[in-house]
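*Asks:* Handing you a structure now.
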Amino acid sequence: MKTVNAKVVDQVAIIERRVAELLGRMTLDEKIGQMSQVNASEAGAPEYLGMALRDGRIGSVLNQVDVATVNELQRISVEESRLGIPLLVGRDVIHGFKTVMPIPLGQAATWNPELVRNGARVAAIEAQAAGINWTFAPMIDIARDPRWGRIAESFGEDPYLTGRLGVAMIEGFQGDDLAGDGSIAACAKHFAGYGAAESGRDYATTNIPENELRNVYLPPFNEAVGAGVATLMASFSDLNGVPATANRFLMRDILRDEWGFTGFVVSDWESIHQIAVHGLTSGDRDSAYEAATAGIDMEMASDAYSNHLAGLVIGERIDIDTIDTAVANILRIKFRLGLFGAPYVDPDQTPAMDLEAKLRVAKQSALESMILLKNDQAALPLSIDRVDSIAVVGPLADAPYEQLGTWVFDGDPDLSITGLAGIRNLVGDSVDIRYVRAMETSRSRSTDTFSEAVEVAQGSDAVILFLGEESILSGEAHSRADISLPGAQAALVRSIRQTGKPVIAVILAGRPLTLTDIVDDVDAILFAWHPGTMGGEAIADLLFGVESPSGKLPATFPREVGQIPIYYNQKNTGKPPSPNTVTNMDDIDAHAPQTSLGMTAFHLDVAYTPLFAFGHGLSYGEFSYDNLRLSPQELRIGNSLTVHVEVANLGKMIADEVVQLYVRDLVGNVTRPVRELKGFKRVRLEPGQTVTVSFELHTDDLAFFGRDNSLMTEPGVFHLWVGGSSEASLHSEFRVVDAAH
Ligand code: GLC
């Protein structure tokens with residue numbers, strides 16, 4: 001009886017034999033064909049791509065989601081080409097296909113890997129039925145700059161949270177068996193460091209010291225590779241002077257030599273062609289050389305490979321082994337996907353999942369993604385017994401497409417439950433809901449239409465203001481230098497505030513916003529991100545207390561854009577700010593003499609703290625943390641300690657709490673962050689219930705890359721906090737000693 005491992009070894013060996021056998025029969029042109037991915041979104045794709053498919057010059061297509069057309073493209077490739085190699089069919093299935101989940105940054109706010117996995121599973125089942133067998137997700141770029149539009153697609157600023165959720169999304173897409181029903185290949189992207197784009201401008205230069213790259217930006221990709229992700233995508237960005245798409249350090253030294261990755265790497269859209277635009281080469285021929293030798297296995301959309309690789313091999317600038325290795329990487333994934341045995345998709349054969357089940361996942365994800373940032377005087381939850389009328393105001397209250405968020409090509413807005421609809425459905429006739437759009441879009445600057453909104457608000461018992469950004473204001477190529485509420489929204493808030501009515505702000509956005517100019521003019525803020533198909537039903541349930549908000553921030557909310565980059569796991573510096581730091585220029589004497597004595601790392605004109613911290617999120621429950629115990633409090637390298645903490649719900653409502661564990665390595669071979677997330681658990685507590693939450697912390701979890709960029713764990717003192725945000729105060733400490741002790 002073979003063990004599971006023995007079976008896996010057999011499967012791997014069988015695939016390797018099949019790859020080698022097929023490779024041995026391929027011509028150079030057919031090999032280069034496998035390295036080319038072509039856009040198939042235009043009508044008539046089988047006609048205009050037919051010749052190239054028959055010649056074996058295409059290995060993958062993208063952006064075709066009509067299953068009949070996909071099957072026809074596949075048929076030509078399998079039945080009319082010499083070797084019949086099936087196609088990979090790629091699509092950006094980023095946070096749902098037809099049924100849309102919250103944007104990934106919103107899913108990150110759930111701190112719930114199982115929910116992220118379930119959402120990806122729903123997406124994979126829907127996408128596979130359309131003929132897709134490869135998605136370009138998860139995006140696991142660490143994003144510390146909310147000006148960057150693609151923070152919307154990320155899991156936020158923390159490597160630990162991003163690593164856990166990236167693996168969960170990969171598992172959801174790929175299932176236990178890449179060849180299984182409802183499984184599609186995932187793609188960890190964008191490798192690497194894309195989120196460090198200067199000033200948050202998309203595609204901008206990144207300069208990341210290797211130590212920072214290894215300690216912050218690479219770990220989620222390493223976890224993705226460890227989880228068996230089928231593919232990676234190279235980043236557009238220039239990393240330390242060498243664009244990622246031509247960066248051997250990333251694609252070979254790290255990805256292949258250190259991590260042992262056996263899948264394949266695809267460029268980003270025309271990013272091989274862009275190597276010359278960066279100025280690393282003078283044109284496509286040299287760009288093809290740089291990308292192929294760096295380790296980019298497949299070219300997306302541009303044709304540098306198809307035009308130049310053959311000549312580079314014949315001219316002996318590139319060794320055929322380089323081509324064979326790239327093609328083997330691609331064929332390996334096609335075999336793992338089972339495409340040679342089953343290249344076609346029969347929508348009736350893909351796993352059935354009824355729409356209600358999919359919508360339940362989308363709703364639960366939306367519910368757990370939303371964050372109660374502020375709730376003065378328990379303005380929330382609203383009670384249908386205490387209000388007779390509510391004014392629902394704002395340009396995003398009834399926006400079925402906008403609430404789906406960025407990167408939604410195939411989402412169906414007709415399925416959307418908007419905030420307005422969700423509220424109306426929930427309260428029925430018991431509350432008079434009066435809706436006033438007040439602004440045409442979030443960017444409208446006119447205040448002429450405010451009078452109706454103010455009048456309706458004046459005549460109502462409470463106001464729910466739907467504010468934020470349309471989906472197009474975040475995502476790729478949509479960065480903003482000013483991340484406050486666009487248009488005249490702040491003016492609208494102030495106008496409504498003057499009515500004296502309770503004002504609840506519900507904010508839909510694809511990024512953290514600077515809310516400083518409205519935070520004092522509203523009683524409560526529910527930050528809903530772009531919550532997807534079921535966003536409105538989730539918003540209504542949270543506003544009226546059917547469920548308690550439970551989301552926690554996956555990214556820091558600055559007070560001012562000038563604070564950026566501002567993130568929780570920062571270094572201490574040699575002059576750390578302190579609570580008595582001056583934060584108001586007006587407090588400085590007009591003719592004060594120049595001095596730096598006593599000054600610390602801060603700005604004169606804004607507090608050094610964020611408006612809302614990483615991990616922050618309020619609840620209708622009231623959670624207390626007590627009796628923090630570590631055992632042992634001293635441990636040798638190579639061992640673990642257990643952390644126990646008692647969490648109680650002192651509130652009146654059942655609610656979830658995301659219990660977070662942070663550590664600080666006081667002294668390191670390189671300076672270490674003042675706090676680092678090392679564990680989290682979501683627990684659901686009845687009113688009055690107390691549970692003991694435990695974490696296992698191994699010294700390996702404390703490892704970091706030192707001055708020589710090797711992974712190390714050092715003895716020393718560590719501080720530890722447990723609580724409901726990165727500002728947790730319940731504190732303890734432990735000591736790690738050398739194994740020799
Ligand atoms: C885009 C994006 C990438 C996406 C690809 C295909 O430009 O950078 O994330 O997967 O092109 O659409």
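*Asks:* Do you know the relative contact order of region 131-183, to the nearest whole percent, from alpha carbon pairs under 8 angstrom that are 6+ apart? Could the numbers behind the result be given before it?
*Replies:* Values: 43 pairs, mean separation 15.5, N = 53.
After rounding, I find 29 percent.
*Asks:* What lysines sit close enough to LYS575 to cross-link, taking a C-alpha to C-alpha distance under 17 Å and skipping anything fewer than 8 places away on the same chain?
*Replies:* Hits, sequence-local ones excluded: zero.
*Asks:* Please turn the phi angles of region 68-77 into ³J(HN,Hα) values with the Karplus equation 6.51 cos²θ - 1.76 cosθ + 1.60 (θ = phi - 60°), one per residue in order, whole Hz, x for glycine and proline.
*Replies:* 5, 5, 4, 4, 6, 4, 5, 4, 4, 5
*Asks:* Could you tell me the distance between the Cα centroids of region 662-740 and region 149-213, to the nearest Å?
*Replies:* Centre-to-centre distance over Cα atoms comes out at 23 Å.
*Asks:* Which of the chymotrypsin sites (Phe, Trp or Tyr not before Pro) across region 340-422 are loop residues per DSSP, with 13 or fewer other Cβ within 10 Å? It would help to have the intermediate numbers written out before the result.
*Replies:* Values: sites: PHE340, TYR344, TYR401, TRP407, PHE409; in loops: PHE340, TYR344, TYR401, TRP407, PHE409.
Filter output for region 340-422: PHE409.
*Asks:* Counting Lys and Arg as +1 and Asp and Glu as -1, what is the net charge of the other residues whose Cβ lies under 15 Å from the Cβ of MET585? Write out the running numbers ahead of the final one.
*Replies:* Working: positive: ARG559; negative: GLU560, ASP586, ASP587, ASP589, ASP605.
Neighbourhood net charge equals -4.
*Asks:* Report, in listed order, any pair from LYS98/LYS358; LYS189/LYS334; LYS571/LYS678; LYS374/LYS552; LYS358/LYS552 with a Cα-Cα distance greater than 21 Å.
*Replies:* As for pairs spanning more than 21 Å Cα to Cα, those are LYS358/LYS552.
*Asks:* I've got another one for you. Using each residue's phi in region 524-535, evaluate 6.51 cos²θ - 1.76 cosθ + 1.60 at θ = phi - 60° and report the 3J(HN,Hα) Karplus result to the nearest Hz, with x for Gly and Pro.
*Replies:* Karplus values, whole Hz, x for Gly and Pro: 8, 10, 10, 8, 9, 6, 9, x, x, 3, 9, x.
*Asks:* Follow-up. Per-residue counts of other Cβ atoms within 10 Å, averaged by peptide: what ranking do you get for 93-100, 430-437, highest first? It would help to have the intermediate numbers written out before the result.
*Replies:* Details: 93-100: 27.9, 430-437: 17.5.
Top of the packing list down: 93-100, 430-437.
*Asks:* Let me ask something else. Pull up the cross-link candidates among the aspartates and glutamates for LYS2, meaning alpha carbon to alpha carbon under 20 Å and not fewer than 8 places away within one chain.
*Replies:* ASP10, GLU16, ASP176, ASP177
*Asks:* Only sites in a loop by DSSP and with at most 12 other Cβ atoms within 10 Å count here; which GluC sites (Glu not before Pro) in region 650-720 make the cut? All intermediate terms of the calculation are to be shown ahead of the outcome.
*Replies:* Values: sites: GLU657, GLU676, GLU696; in loops: none.
Listed in order of number, the matching sites amount to none.
*Asks:* Add -39500 (n - 2.57) for each DSSP H run of 4 or more in the chain, then divide by its residues: what number comes out at 222 nm, to the nearest 500 deg cm²/dmol?
*Replies:* Taken over the chain, the calculation gives -8000 deg cm²/dmol.
*Asks:* If you don't mind, there's one more thing I want to ask. Under the Karplus relation 6.51 cos²θ - 1.76 cosθ + 1.60, θ = phi - 60°, what is the ordered set of whole-Hz ³J(HN,Hα) values for region 388-399, x standing for Gly and Pro?
*Replies:* 3J(HN,Hα) across region 388-399, in whole Hz: 9, 8, 9, 8, 9, 10, x, x, 10, 6, 9, 10.
*Asks:* Give the share of C-alpha pairs in each 5 angstrom bin for region 623-737, from 0 to the last occupied bin, in whole percents, shortest bins first.
*Replies:* 2, 12, 22, 22, 16, 11, 7, 4, 2, 1, 0
*Asks:* Between region 290-364 and region 510-532, what is the C-alpha centre distance in whole Å?
*Replies:* 40
*Asks:* Still on this structure, please answer the following. Starting from the amide H of ASP202, placed 1.01 Å from N in the peptide plane, find each other amide H under 5 Å away whose residue is 5 or more places distant or on another chain.
*Replies:* GLY149, SER479
*Asks:* Find the relative contact order for the chain and round it to a whole percent, using C-alpha pairs within less than 8 Å whose residues are 6+ positions apart.
*Replies:* Details: 1831 pairs, mean separation 95.1, N = 741.
In percent, rounded to a whole number, it is 13.
*Asks:* Find the relative contact order for region 363-543 and round it to a whole percent, using C-alpha pairs within less than 8 Å whose residues are 6+ positions apart.
*Replies:* Numbers: 392 pairs, mean separation 66.1, N = 181.
That works out to 37 percent.
*Asks:* While we're on this one: Amide H neighbours of GLY96 under 5 Å, at least 5 residues apart or on other chains, H built in the peptide plane: list them.
*Replies:* MET101
*Asks:* Also, quick follow-up: Check which residues have an amide H placed less than 5 Å from ASN639's amide H, if you skip close sequence neighbours.
*Replies:* THR699
*Asks:* Within region 112-218, which GluC sites (Glu not before Pro) sit in a loop by DSSP and count at most 16 neighbouring Cβ atoms inside 10 Å? Present the calculation step by step, with values, prior to reporting the outcome.
*Replies:* Working: sites: GLU114, GLU126, GLU153, GLU157, GLU171, GLU198, GLU210, GLU212; in loops: GLU157.
Loop-located and lightly packed - none at all.
*Asks:* Is region 363-543 rounded, prolate or oblate when judged by the Cα gyration tensor, a ≥ b ≥ c being the square roots of its eigenvalues, rounded requiring a/c under 1.5 and prolate requiring a/b larger than b/c?
*Replies:* oblate
Read-outs: derived from the displayed coordinates by stated rules, not from any lab. A quick note: this is a predicted structure, and the numbers were derived from the prediction, not measured. Every residue, glycine among them, receives a Cβ derived from its backbone with ideal geometry; neighbour counts consider all protein chains shown.
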